[in-house]
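Let me begin by presenting the structure, written as structure tokens, before commenting on it.
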Amino acid sequence: MLAGLLFVVLLLVVGARLTWSWLNPLGEQTIDRSGPALLRSVQNLSRFEAATGDFQVIVDLEKDAKFVPDAIKGSRTLFVGAGTVDAYVDFTTLPKDAFTVSPDRTRVTVRLPHAELEKPNLDSKRSYVFAQERGIFDRISDFLSSSPQNQQELYVLAERKIADAATASDLRSRADQNTKAMLEGVLKSLGFTTVTVRYEGEP
């Protein structure tokens, strides 16, 4: 009888939990009513992605209030921003005389513009807030606000710093070298024995 009683109690407990999980009034249900992605435009790519740089920067953003201690009003955020910058050579700007071929069609000279840098592409999966300190007033303000402060300002600063780092690096010169090697390989496969690639500003 004791074993039967325990079995009945066990059935009641399991049944109650299953019933509560099915009728849980506080449970959340996620419904995705988003429409399908729409193709707005298609553009032909006329440039060579010659190099990609991977960068990481730490943004130290501090906001202080005059004559008020930081413990009451103020904030400091350490944000790790990670992303890539692409360097490319735009072939759409090439003039008609960009390719000069010798009469015997064994030599060719190509004149190209220097590589340009694309806008930094921050990786949201690798970018995050490392540490944050806020005063009491800021904490209360964020708690009562219907739209607490987002991280857009941090992302903008990280993009700007990564763009500056890419400009100061050798990414563009590396892209120029890769483009030159690519054109030499393609043109030599077409039968040219001598391929000369010159960039703007070179004699």
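The values are calculated or read from the model by the stated rules, or taken from the named source; none is laboratory data. These numbers were taken from a predicted model, which means no experiment stands behind them. Neighbour counts are summed over all protein chains in view; Cβ atoms, including those assigned to glycine, are modelled from backbone coordinates with ideal geometry. Just the protein is used for accessible areas: all its heavy atoms, side chains included, with ligands, DNA and RNA removed. Shrake-Rupley method; radii C 1.70, N 1.55, O 1.52, S 1.80 Å.
Among the residues making up the range 96-113, a single one is of a type outside the set (Ser, Thr, Tyr), over 36 Å from the mean Cα position of the chain (by Cα) and open to solvent by less than 50 Å² (accessible area, probe 1.4 Å): 108. Out of all the residues in the range 185-200, which are within 29 Å of residue 55 (Cβ to Cβ) and without any contact (Cβ under 8 Å) to a residue 24 or more places away in the chain? Of everything in the range 185-200, just one residue is within 29 Å of residue 55 (Cβ to Cβ) and without any contact (Cβ under 8 Å) to a residue 24 or more places away in the chain, namely 185.
Please verify whether the range 183-194 includes one or more residues that are more than 34 Å from the chain's Cα centre (by Cα) and in a strand (DSSP E or B). Yes; the residues of the range 183-194 include at least one that is more than 34 Å from the chain's Cα centre (by Cα) and in a strand (DSSP E or B).
Residue 116 meets each of the listed conditions (1) without any contact (Cβ under 8 Å) to a residue 24 or more places away in the chain; (2) open to solvent by 50 Å² or more (accessible area, probe 1.4 Å) apart from (1). Would you check if residue 42 is β-branched (Val, Ile, Thr), modelled with pLDDT under 85 and open to solvent by 100 Å² or more (accessible area, probe 1.4 Å)? Considered against the rule, which asks whether it is β-branched (Val, Ile, Thr), modelled with pLDDT under 85 and open to solvent by 100 Å² or more (accessible area, probe 1.4 Å), residue 42 comes out as yes. Taking first residues from the range 83-98 that are of a type outside the set (D, E, K, R) and at pLDDT 85 or above and partners that are in a loop (DSSP other than H, G, I, E, B) and surrounded by 14 or more Cβ atoms within 10 Å (Cβ to Cβ), the Cβ contacts under 7 Å between residues at least 6 apart in sequence or on separate chains come to 83/120; 85/118; 85/120; 87/115; 88/115; 88/118; 89/113; 89/115.
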